[in-house]
Amino acid sequence: MSQIIKIKDVAQYLDQEVTFQGWLYNKRSSGKLRFLLVRDGSETIQCVVFKGDVPEEIFDDATKLTQESALRITGVIAKDERSALGYEMQVKGLEIVSLADEYPITKKEHGTDFLMDHRHLWLRSSRQHAIIRIRHEIIRSAREFFDDRGFTLVDTPIFTPNAAEGTTNLFETDYFDEKAYLAQSGQLYGEAAAMAFGDIYCFGPTFRAEKSKTRRHLTEFWMIEPEMAFCDLEKDMQVAEEFITHIVKSVLKNRRNELVILERDIEKLEKIEAPFPKIHYDDAVEILKKNNIDFEYGGDFGGTDETVISEQFDRPVIVHRYPAAVKAFYMKRDDKNPDLALAMDMLAPEGYGEIIGGSQREDDHQVLLDRVKEHNLPEKAFAWYLDIRKYGSVPHAGFGLGIERTVSWICGLNHVRETIPFPRFMNRLYP
RNA sequence: UCCGGCGUAGCUCAAUGGCAGAGCGGGUGACUGUUAAUCACUAGGUUGUAGGUUCGAAUCCUACCGCCGGAGCCA
């Protein structure tokens, strides 16, 4: 057998005999010719079998190959303008590794529910390849951003003993006859880690048991959450905008072809450059009023509100200083107006909604203890968290980026369910 | 939980009260350059489930189930 190569490297082997290992993506035929589209995970190439060039049994094998059959195929690489890749293989040899059963996913259109039932096979299609590779680049560049700035990766637990804000939106599990909950954020542990290492981030799955049936919600999704000691809200927002700029630029540089496959409007992504507009909550409410949106001051923004606000700008917009009443207990209040929390949300353009939520944290022990009591939280369960404020407390801040919403925005998708290999949402636990 | 839509062949859909169909996929055959190849032939159905109206129901009515979209919910 000749040298086994990846299809993406085909240009280096012009006029040489090589072997691919892969799967049959599609097959066309014409008389004494068989056109085999072979995918090996790196790329897809057309391999041409001419009856006069190969032994009869090889031509018969090429004829009986079914979609997604596994194969090893050997031949000479030739340049060909008629082929989508620019190259194709003139086949000399073919080994069927396994003949596939009738494949459920055909070349015609399918409904989303059917495709989700066959998610394990759907991942083989070119569109899903493009999305998952962009997801990979987003995660790779996100880690690179923090790694290059000296952040330490400190991952946080998934089993947690207590519910920060009630248990209705948490998945409950049995932990040796004790109740445990799947984490909905690593942040509280991240704060402890920041006091140990200065700048840290965690990256892992988070779980929300909300019965949300919208294009923006999953029950299991991934968040990357930096936490920084000696950091205030202003610096927090600055890190966030530089972070997003870095991710978008990395995708544009390293996964441009995938964006083209997805027919993404690349010009819109090329406008993403720090600094981003940063508007006060009051200004955001003003925007809603100007657009005749019925909105009561003091509330949180709904999906439509977020879309209207983000549509005013050509890059992500950061809204800061929300009413403390609609935000979490651990957020520090604004000195200038104690009704406002030092919180910030970043809204993606084009109506993709909140991709980042962050804040400066309350660093005073007594104030935080009062908040825990106000929210009727179990003081004992939060003892370790309050400890952080007793032993060398400092101003600190951080944020969380939702990976799937970011992938959805950068890819220009209309639903987050395609942004994760095996999504979990309402009515979807299989495969 | 609420509001709206949908459920017909493996898949995507048509048939709106009167014979249950097409395209794709499968099978058989033809073709030396196909690009979701094309062409011919062929197999494939408890019309989501249960009940009701009617001479007659995929079609109208009721309930249930499932799915989709949205709202609510969403540190």
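In segment A:25-36, the residues that are open to solvent by 70 Å² or more (accessible area, probe 1.4 Å) form Cβ pairs under 8 Å with partners that are more than 6 Å from RNA strand B (Cβ to nearest atom) and of a type in the set (S, T, N, Q), at six or more places apart or across chains, as follows: A:29/A:63.
All of A:67, A:46, A:90, A:21 fail the test of being touching a helix residue (DSSP H, G or I) at 6+ places or on another chain (Cβ under 8 Å), open to solvent by 20 Å² or more (accessible area, probe 1.4 Å) and either in contact (Cβ under 8 Å) with a residue 24 or more places away in the chain or not in a strand (DSSP E or B) (or both), apart from A:90. Given the structure, is residue A:211 over 23 Å from residue A:353 (Cβ atoms) and either under 22 Å from the mean Cα position of the chain (by Cα) or modelled with pLDDT of 95 or more (or both)? Spelling it out, it is not the case that residue A:211 is over 23 Å from residue A:353 (Cβ atoms) and either under 22 Å from the mean Cα position of the chain (by Cα) or modelled with pLDDT of 95 or more (or both).
Kindly evaluate residue A:101 against the criterion of being part of a loop (DSSP other than H, G, I, E, B), modelled with pLDDT under 95, open to solvent by 50 Å² or more (accessible area, probe 1.4 Å) and over 22 Å from residue A:4 (Cβ atoms). So residue A:101 fits the description; yes.
Residues in segment A:335-361 that are open to solvent by 20 Å² or more (accessible area, probe 1.4 Å) and assigned to a strand (DSSP E or B): A:337, A:338, A:339, A:354, A:357. For residue A:185, the conditions (1) open to solvent by less than 60 Å² (accessible area, probe 1.4 Å); (2) over 30 Å from residue A:263 (Cβ atoms); (3) assigned to a strand (DSSP E or B) all hold with the exception of (3).
Only a single criterion out of (1) open to solvent by 50 Å² or more (accessible area, probe 1.4 Å); (2) farther than 22 Å from residue A:414 by Cα; (3) touching a residue at least 12 places away in the same chain (Cβ under 8 Å); (4) near RNA strand B (Cβ under 8 Å from one of its atoms) is not satisfied by residue A:82, namely (3). Only one of the numbered conditions (1) assigned to a loop (DSSP other than H, G, I, E, B); (2) among the β-branched types (Val, Ile, Thr); (3) surrounded by 14 or more Cβ atoms within 10 Å (Cβ to Cβ) is not met by residue A:106, and that is (3). Inside segment A:253-275, residues that are within 19 Å of residue A:346 (Cβ to Cβ) and open to solvent by 10 Å² or more (accessible area, probe 1.4 Å) make up a count of 6.
Within segment A:188-217, the set of residues being open to solvent by less than 20 Å² (accessible area, probe 1.4 Å) and within 14 Å of RNA strand B (Cβ to nearest atom) comprises A:190, A:191, A:202, A:204, A:206.
Within segment A:366-420, restricting attention to residues that are part of a loop (DSSP other than H, G, I, E, B) and of a type in the set (Ser, Thr, Tyr), the residue that is surrounded by the fewest Cβ atoms within 10 Å (Cβ to Cβ) is A:391. For segment A:121-144, taking the residues that are within 14 Å of RNA strand B (Cβ to nearest atom) and under 28 Å from residue A:401 (Cα atoms), the one that is most open to solvent (accessible area, probe 1.4 Å) is identified as A:127. Applying the criterion of being touching a residue at least 12 places away in the same chain (Cβ under 8 Å) and surrounded by 15 or more Cβ atoms within 10 Å (Cβ to Cβ) to the residues of segment A:109-120, the residue that is farthest from RNA strand B (Cβ to nearest atom) is A:119. Between A:77, A:7, the distinction of being over 20 Å from residue A:100 (Cα atoms), buried (at least 20 other Cβ atoms within 10 Å of the Cβ) and within 31 Å of the chain's Cα centre (by Cα) belongs to A:7 only.
The values are calculated or read from the model by the stated rules, or taken from the named source; none is laboratory data. These numbers come from a predicted model, not from an experiment. So basically every Cβ, Gly included, is an ideal-geometry build from the backbone, and we count neighbours across all protein chains shown. With ligands, DNA and RNA removed, areas are computed over all heavy atoms of the protein, side chains included. Shrake-Rupley method; radii C 1.70, N 1.55, O 1.52, S 1.80 Å.
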